[in-house]
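The values are calculated or read from the model by the stated rules, or taken from the named source; none is laboratory data. Being a predicted model, the structure only gives us computed values, none of them experimental. FYI the Cβ positions are ideal-geometry reconstructions off the backbone, even for glycines, and counts take in every protein chain you see. Remember, those area values only see protein heavy atoms, side chains included, never the ligands or the DNA or RNA. Shrake-Rupley method; radii C 1.70, N 1.55, O 1.52, S 1.80 Å.
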Amino acid sequence: MLAADGMVRAGQRVVAHPEASGWAERVVVPLDRLAVLPDAVDLCTAAALPLAGLTALRLVRVIGSLPGRSILLTGASGGVGHYFVELAAAGGAQVTAL
């Protein structure tokens, strides 16, 4: 949700997904990786939103090719586990979740 002119206004709360330097105090982020943070979302919640999904995606990428693989996942009821099951199954793996 960007401003009408495609720019974010100075001082506006935003959330971003930088390629690197995520822990830096300041980082340049392309506008397509930036979203305005609604006032109703507190900063702690906003910081946690992308963590589970991105962690699961990185785990799936570490595994490599998924079609035809059998994967046993313990802890599948948590945030990372939930996303991991969805991503691995969509990638063609047979997932057993505990």
### Query
R0 = 35 Å: FRET efficiency of Ala16 with Ser70, Cβ-based, nearest 0.05?
0.45
### Message
For the chain, what does the convex hull of the Cα positions come to per residue, in cubic angstrom?
### Response
132
### Task
Specify the longest stretch of the chain that does not include any exposed loop site, a site being one of the trypsin sites (Lys or Arg not before Pro) with a non-H, G, I, E, B DSSP assignment and at most 16 other Cβ atoms within 10 Å.
27-68
### Query
Could you give the nm distance between label points at Asp39 and Ser77, where each point is 7 Å from its Cα heading toward the beta carbon?
3.9
#### Entry: Helix axis angle, 79-90 relative to the chain longest principal axis, alpha carbon, degrees
60
### Query
Against the longest principal axis of the chain, how steep is helix 43-63, in degrees 0 to 90 to the nearest 10, with axes from Cα atoms?
40
### Task
With runs of 4+ DSSP H residues as the only contributors, calculate the mean residue ellipticity of the chain at 222 nm using -39,500 (n - 2.57) per run, divided by the residue total and rounded to the nearest 500.
-11000 deg cm²/dmol
### Task
Enter the accessible area of Val80 (Å², nearest 10), with the probe set to 1.4 Å and all protein chains included.
50
